[in-house]
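To start, the structure itself, in structure tokens.
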Amino acid sequence: SGYPAKHHMICSFRGAVPQGLVLELGETVQILEKCEGKCFSLLQGIFPANYIHLKKAVVSNRGQYETVVPLEDSVVTEVTATLQEWAVLWKQLYVKHKVDLFYKLRHVMNELIDLRRQLLSGHLTQDQVREVKRHLTVRLDWGNEHLGLDLVPRKDFEVVDSDQISVSDLYKMVRNLWEIHDSRLKNVHKKEITIGENVFSPFTFKNKTYAHASKPHSIISAIKLTFLSSFYPELVFFCFRCNNENEWCQIHENIIRKSSTKYTAPSSNYGLIISLQLLRGDMEQVRRENPMIFNRGVSVTRKLGFPDVIMPGDIRNDLYLTLEKGDFERGGKSVQKNIEVTMYVLYADGEILKDCISLGSGEPSRSAYHSFVLYHNNSPRWGEIIKLPIPIDRFRGSHLRFEFRHCSTKDKGEKKLFGFAFTPLMRDDGTTLSDDIHELYVYKCDENSTFNNHALYLGLPCCKEDYNGCPNIPSSLIFQRSTKESFSVSTQLSSTKLTQNDLCAFLQDILDTLFVVLDDNTEKYGLLVFQSLVFIINLLRDSKYFHFRPVMDTYIQKHFAGALAYKELIRCLKWYMDRSAELVRQDHIQEAMRALEYLFKFIVQSRILYSRATCGMEEEQFRSSIQELFQSIRFVLSLDSRSSETLIFTQAALLNSFPAIFDELLQMFTVQEVAEFVRGTLGSMPSTVHIGQSMDVVKLQSIARTVDSRLFSFSESRRILLPVVLHHIHLHLRQQKELLICSGILSSIFSIIKTSSLEGDVVEEVEMMVESLLDVLLQTLLTIMSKSQSQEAVRGQRFSITCFSLTFGSGEYVSCLLSLLRQMSDTHFQHLLDNFQSKDELKEFLLKIFCVFRNLMKMSVFPRDWMVMRLLTSNIIVTTVQYLSSALHKNFTETDFDFKVWNSYFSLAVLFINQPSLQLENATPAKRKKILDKYGDMRVMMAYELFSMWQNLGEHKIHFIPGMIGPFLGVTLVPQPEVRNIMIPIFHDMMDWEQRKNGNFKQVEAELIDKLDSLVSEGKGDENYRELFTSSAVFSSLHSLLEKIEQETWRETGISFVTSVTRLMERLLDYRDCMKGDETENKKIGCTVNLMNFYKSEINKEEMYIRYIHKLCDMHLQAENYTEAAFTLLLYCELLQWEDRPLREFLHYPSQSEWQRKEGLCRKIIHYFNKGKSWEFGIPLCRELAMQYESLYDYQSLSWIRKMEATYYDNIMEQQRLEPEFFRVGFYGRKFPFFLRNKEYVCRGHDYERLEAFQQRMLSEFPQAIAMQHPNHPDDSILQCDAQYLQIYAVTPIPDNIDVLQMDRVPDRIKSFYRVNNIRKFRYDRPFHKGPKDKDNEFKSLWIERTTLTLTHSLPGISRWFEVERRELVEVSPLENAIQVVENKNQELRTLISQYQHKQMHGNINLLSMCLNGVIDAAVNGGIARYQEAFFDKDYITKHPGDAEKITQLKELMQEQVLLFLGLAVHEKFVHPEMRPLHKKLIDQFQMMRSSLYHVSCTYFLKASNLKTFSPFLGVNAGMARNYSIRILKYSLSLSEHMQSIQVTGVSPNLLPIFRISKRSLFSNSSILSGKCRWLQFGLRCAPIFLQNS
């Protein structure tokens, strides 16, 4: 058809066809073309035509940016859009484990859907539609609040269009919504929202206990009646029982107070179910609209008490009486009485009035009332209300009589009269009984007493007040008063004819009489009538009678007939005003001033009546008299009241009443004439603000009411009144007086101007406001902002947005300023800029407005969820800046260049672009689309403006280097490609201009790096930013910065700089991502180390390097990595020298000398090493400090540090330290952060942390990672994939300090430290079989792939993990592997034996037991034997002739294990008696081990270094041992018994000379054995050791 159509999806479409458009259920699409069952959408895609539902719509702004708006109720549209937005957030609640809100929101969404369906049905009445809309908006606001969405201002349930109202009105609307935000009902998820007070129904059940008497039984009360919808299908009134009937009158209060002990709570099956329907309108309207209801005999219940308005013709005469309480005597009875009260209404003649008592609506009236009876209670409390609808003509002379009877419990029908009380209904002065509690006298009587002659008791006093009026009462009366008894009732009159001294009830009659008197004799009674009229008018000002004002208005319009009254009223009023300067007492004048409104109503209405009657005669006289009256008014206001408090009150009364007469004057005069009257009057007020604060307030309040009047809504009158109104406001703003009232006046003016601008031209009025207000508004805002900032600075708190915008009242003035700026057109801006007399004035103005704009963005005047205000503010600012930019360029660029103005402009632009409210990337898709549709991307608009102004600077650009580098860089960090596209060329300009001036761009480079660090650390920038400086793909129309630099003569340094910045960005973004997320400490530490090293090694930024040293140190301390914290801080310490050079204040360090700072750092580092139990690292620092103290003769500090060093030595020897395990971790895949991606690290584990625990920890730190199950190096498919793979396995440290580990006398606690500290190399062995695997003996083909990892730094260091710098891979043959296995086990055994021999390990010998058991068991059960089979076989030796030396080495190592007798001897010495069986088992297994090695024959060599170990057993000291070569006979294990227990441990490359001696030569040479032998007792057996001098 050529016209777009609006459709809604009724089924989701996945777009699984070429050019298919993916659409979700409920989305809106605009159809451009339909063809063969498929539609083509504006988003350029196709989808099935039967997937959509057609909706009527209207297209506005046809073309590229056209908008299609559905033709449906705006509330329905809002609900639809909101539900779609909530749906996304609702699912996120479940993911974030906010389950409670998840279910509440689901319930509310279902309710919204149901209410929306009702609204669309079209079957609701107007009242029902309003009620449904109210429900919808309440739920929408509730959901937006709980989801953290924006406030939505509404008017009549519809979203307000900010373009259609003034900014001031919008601000007030949003503020009011925000103020009631906290009072929103929290239980909206329930079936109904409870609104209103506690309401109780008057339903009371009574139980017939006596004949004609009743007693209270229970009460039905509906607590918290709800009035949300027009009809309630079902409502339950619960039933409560009073536990003690004496407290019956307080049951309501007890239920409210929840005093559950005084009543019985209701049960679910005991109550009354009713239905309610709410009807709106007056009674006539309700009867007319609902005739069926009134055909059912419905009772109409009028309000208890006076109605709000008593209109002429509305007649009512009801007296409400409440039976309160009584106090009666026992009367000689042993128990208290059962008292019943009977009440009658009697006329003057003693006749009982029939049907004048009503017990409730719908009940038939009766002639007598009987109260309920409280059992045995002489002080009953009833609290029952009775209505007495007594005819007006029978009211005078009537009285109430209360008869008191005792009801017998024995005889059910017996009631004995014992007293009575009475009260007349009207006093002698004609007034009725007052609305109060009346304590009545009780008179004694009995059943024989007669009441036929009522005069017998009516002459008696009925109460104390009546008694005071009857001083002489004869004592001989039939009825005697019981002084100890009393009876109380309360009354409330609701009557339009009867009065309690109430003039208002007879208003029409009194006014008619007054004006008749005025017409009859004006000269004699004129002033008195005027005074009476003033009195009546002022009586209506009382809040008690304020609701009678409509009665007065109706009287004036319909019943007033004083056609001649206006002349006398004007005369009297003028007479009062003219005398105001003379009289000291001005009470009457002030009363007349307060009655000014209704006096003018009477004057105008009287003149209208006269004009009608005379066809407009005496018109000129009337106008002249009014003008004279206004001259008197101006005279009163012009008087100097500073010395007269009385005159102040008179002027205040006049100003308060003055605006109320405008509407009356408009009936007789034109708009211009009335406006002239008002202008003259307002102009007569003193123009200074020193007339007193009270008068200032009154004057401004009068102006405010003038602005709010109907007169000001006419454009003709505004042009006349606006100058004088603005004049007074200007004066007050200049003096900073009464700011709150002034802001209210301005808000009203702007609201009227905005409304008028939609209908007509307001150019002239806006021009007046710009000239008068713009500058003073700016100054006022600057003052308010300055005060608020200083107050917050004194408090030492961060500035609070709520405090600023709501407490200091700046929000009102901000809205006024924005309203004015939005109303200004091109013409207004041009006139404004042309009217400045000099450039200095223009400069001052620009600085003011730029400063205000900056403060608006820095201070966040409006709370976060006031998005509609924030966006509107931004739109007005960017529009205003566009107008002002030309003036800035025109006046302050060339010779008149002014840095201050330009700098202010650039700062404003930067702040504007960086506003949080404009960062659309953080908004939901629906919100982002809404903003773009209405305002576009305002960041782009401001960026273009900024770039244009930068280009206009020319050679003055150099003034902003390096100052604006940081701010401009912050703009490029905004994740908006077009903004970045605009801003990047500015950096090329900066580099180019500095290169021209200085021959380099060091300033740009330094500032760019510093600011880049701080900005990214604050959380700015994104993944695309790292490519911004290098990738031309980022831009569509401009070359990248790198491409621009390549065209310059300084391209080499430029390219190098850009490359460094890009690499820095990669690290900064990784650092930012780790810091702002819920990342683990390891990730944060790794990022920081990576960035810190970059600053040191690549760009040499020492200050940044030091900053990150301290950041890293703080992270380590938080993670309790004290050793790493010490190493980190040591980096800074090493940069310092022991010199007295002064250092400036930096970070948390004060100004001090370099020596002092280094000393403090050393002490802190030593402390951290101590906490990390790394005392060996702290000892060198102790020595360094000691040397410094010694050189300065600071012996006190020297003593302290030496003691500290000694303590560290003690700690090393005494305190237990655990050896950590080390793990190699590979991070593979492109999803890892840059500093980890495709790299491998070695990590130092925590105490007690084993491989499984470490793997679990790493997987928890990288929950998206996949654990690799093999140790092989990954291929490129894994390295380049968009995933995360972790490869983890344990590695063995390779110590650098071997010497200390080989010293046998060094304690193991010292060796332990060097085994796991200062480690840079690590080893990992992977066993594999080369060639065919021997099933009988796998050791033959078991090779080892040994990987040696070299780190960039030693562990421990500034991190718990370091990157692998180099890896070496070698293959270890099966024979070499066997040698290493046996050698390692021998070394372990040798170490343990040495430790137990030197008593380094005490008590527990479990370690030695396990080691011995492992060696012996392995030999017995096949370990050593398998090695023999594999490598001592003749075939192997033949095939591997090159391994002969290695085979020999293996044999020697195996024989070293044979010499286990020394370990068994030590074991026997320390073994616990309970462990003796184990020891015996070890000996037996040792015999078996010896047998398994029977064929081995070789010579064992004892190294010299081990002589100290064995010297106690050899009978020689270490010195003797060095002078002997020990030749120990190695023999076949089938030797004689004397040699079976020999065992010696250890073999070394340092071998002494040896002899090989056969078995026969040993035993054949008896002289050798007898003469040259020494015997050692080992505890098991004796063995000969042959010693011969070398």
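Ligands, DNA and RNA are left out, and with a 1.4 angstrom probe the accessible area of region 567-701 is 42 Å² per residue. On the basis of the beta-carbon distance and an R0 of 51 Å, residue 1231 and residue 1298 show a calculated FRET efficiency of 0.75.
In terms of the mean number of neighbouring beta-carbon atoms within 10 Å, the peptides 1307-1315, 767-775, 287-295 order highest first as 767-775, 1307-1315, 287-295.
Over region 621-689, what is the relative contact order in whole percent, taking alpha-carbon pairs under 8 Å and six or more residues apart?
Reported as a whole number, the value is 51 percent.
Between residue 740 and residue 100, the simple label model (points 7 Å from Cα in the Cβ direction) yields a spacing of 3.7 nm.
Measuring between their Cα centroids, region 1059-1129 and region 948-1015 lie 26 Å from each other. Surface composition of region 1297-1413: carbon plus sulfur atoms contribute 49% of the solvent-accessible area (1.4 Å probe, protein chains only, all chains present). Each part reduced to its alpha carbon centroid, region 712-787 and region 623-696 end up 21 Å apart. Considering only Cα-Cα distances, which of the following residue pairs are longer than 19 Å: 1173/1321; 262/484; 133/929; 337/410; 699/754; 754/843? Where the Cα-Cα span goes over 19 Å, the pairs concerned are 1173/1321; 262/484; 133/929; 699/754; 754/843.
Based on C-alpha pairs under 8 angstrom that are at least 6 apart in sequence, region 699-767 has a relative contact order of 38 percent. Per the 1.4 Å probe, what fraction of the accessible area of region 350-476, in percent, lies on carbon and sulfur atoms? Using a 1.4 Å probe with all protein chains present, region 350-476 comes out at 46 percent carbon and sulfur. A 1.4 Å probe run over region 1190-1260, with the rest of the protein chains in place, finds 55 Å² accessible per residue. Put simply, when 696-708, 1329-1341 are sorted by average Cβ atoms within 10 angstrom per residue, most first, you get 696-708, 1329-1341.
If I take R0 = 35 Å and measure r between the Cβ atoms of residue 120 and residue 932 in this structure, what FRET efficiency does the formula 1/(1 + (r/R0)^6) give, to the nearest 0.05? So the FRET efficiency works out to roughly 0.75. Among the GluC sites (Glu not before Pro) within region 66-167, those in coil by DSSP and having at most 13 neighbouring Cβ atoms inside 10 Å are 66. Highest mean packing comes first when the peptides 519-526, 935-942 are listed by Cβ atoms within 10 Å, giving 935-942, 519-526. If you take the beta carbon distance between residue 325 and residue 257 as r and set R0 to 22 Å, what does 1/(1 + (r/R0)^6) give as a FRET efficiency, to the nearest 0.05? With R0 = 22 Å, the Cβ-Cβ based efficiency is 0.60.
How large is the accessible surface per residue of region 847-977, computed with a 1.4 Å probe and reported in Å² as a whole number?
35
Electrostatic bookkeeping for residue 1190 treats Lys and Arg as +1 and Asp and Glu as -1; over the other residues with beta carbon under 14 Å from its beta carbon, the sum is -2. Taking 0.36 nm per residue of separation and subtracting the current Cα-Cα distance, fully stretching the chain between residue 1407 and residue 56 would add 477.5 nm.
The values are calculated or read from the model by the stated rules, or taken from the named source; none is laboratory data. For clarity, every value in this text was computed on a predicted model and none was experimentally measured. Reconstructed Cβ throughout: ideal geometry from the backbone, glycine too, with neighbour counts over all protein chains shown. The protein model used for the area step is the full one, side chains on, heavy atoms only, and it has no ligands, DNA or RNA in it. Shrake-Rupley method; radii C 1.70, N 1.55, O 1.52, S 1.80 Å.
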